[in-house]
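Below is one structure; the comments refer to it alone.
The values are calculated or read from the model by the stated rules, or taken from the named source; none is laboratory data. All figures in this text were calculated on a predicted structure; none of them were measured in a lab. Note that we place each Cβ from the backbone using ideal geometry, even for glycine, and neighbour counts take in every protein chain shown. Accessible surface is based on the protein model in full, side chains and every heavy atom, while ligands, DNA and RNA are left aside. Shrake-Rupley method; radii C 1.70, N 1.55, O 1.52, S 1.80 Å.
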Amino acid sequence: MAFKFIDISDLTEGQLIEVIEENAKTAAFTREEIRKLKAAAKPKTATPSIIIDNSKTEEQPAVDRSDFEDEVEYYYSQVKEITPATISEKLHLCVPKRTNKNFEKIILRLKLESLRNIREINEVIREYSSVEDPEEMQMFKDEILFEQEKIAFYDQLLSPVKEEVEQVEEEEQSNRMIFVPTNGGNIRILDEIDHIPDTFYDLFLELFLSIKDGSFKNVKRFTNNAALTGLVEVKNPQSRVVFARLNENTYAIITAFVKKTQRDKGYLDSLKNKAADYKAISEILKRNLSNPEFLELHQQYEEELFRKLGYDPVTKTFVKGGK
């Protein structure tokens, strides 16, 4: 069995689903064959081995996934929170902006999920077609209409006319950053940047700018640790910025740090503490989002942050000096 590599622009939606499902079967088959080979290669000894399963401990590293799959999961997790009653006002908040380099691919994947959901519902309807339950049948039909409404929205996003309009709108908008303080009242991010080698500044600048413009560089949710639920990170090699969404276009900036390796777990306890600090004041931050003085203060923090990183956000030019 071999994987199929495709150009999604040349396939119909049905063909795309078929190829993905075939690749999933191939992956499962390959994993099983590898497992068998590894088992056969193990030396046979009379001494029984003791296997300790730590897979459920919260220190266990997550399974490696591609940055693209993490991005898709981030956006799809938000789409799944949408209901038929909120789709018109919320769905547009759950998709990437066009500044995201994977915009079209992510939208196509979200569309694929809706197509897959419709097919699964239709399979259930066919399987239980002999059961006459008008209420249940109407529920299925409503679910299909709900998914079709999402698909129509995705199709609009992919249309050239919609692209021209939204490019203008996105150029006029940018996200707001609110900076979480330490228990002592200092702005944590500003303190952290002062202790990060300036050789990393370009990487961190790219991450902060991606939060500002909504492209969210290599975005990923924290999903394997209850203490970090609701937190998200953007990342570059060795550099991470952790944040959380406060409202439609406002994000709480929690921490920034250098992560030396992909399996560096030394930062976890520190991150949990910072997450707890944020959650303790998150409601206060949200209540202050209508306070002009509060917003102006954090605008000043933002300008100081970019100055430290050697960037002028007004002229959008790089400046020398940094710190």
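Were the residues from TYR267 through ALA152 laid out at 0.36 nm apart, the gain over their Cα-Cα distance would be 37.1 nm.
Sorting TYR128, TYR267, TYR311 by solvent-accessible area of protein heavy atoms yields TYR128, TYR267, TYR311, largest first, with a 1.4 Å probe.
Roughly speaking, what % of Cα-Cα pairs in the stretch 210-323 are separated by over 21 Å, rounded to a whole number? Of all Cα-Cα distances in the stretch 210-323, 44 percent exceed 21 Å. Estimated at 0.36 nm per residue, the fully extended path between ASN291 and ALA226 surpasses their Cα-Cα distance by 20.3 nm. Among the listed pairs LYS217/LYS259; LYS97/LYS316; LYS80/LYS111; LYS80/LYS141; LYS97/LYS141; LYS101/LYS220, give every one whose C-alpha distance is greater than 23 Å. Exceeds cut-off: LYS97/LYS141. Using a probe radius of 1.4 angstrom, the carbon and sulfur fraction of the accessible surface of the stretch 206-323 is 50%.
Computed from the Cβ-Cβ distance with R0 of 22 Å, the FRET efficiency linking GLU304 to ASP202 stands at 0.75.
Placing +1 on the Cβ of every Lys and Arg and -1 on the Cβ of every Asp and Glu, with nothing else charged, gives the stretch 206-310 a dipole about its Cα centre of roughly 640 debye.
Peptide packing: for 235-246, 273-284, 78-89, the average count of neighbouring Cβ atoms within 10 Å per residue gives the ranking 235-246, 273-284, 78-89, highest mean first.
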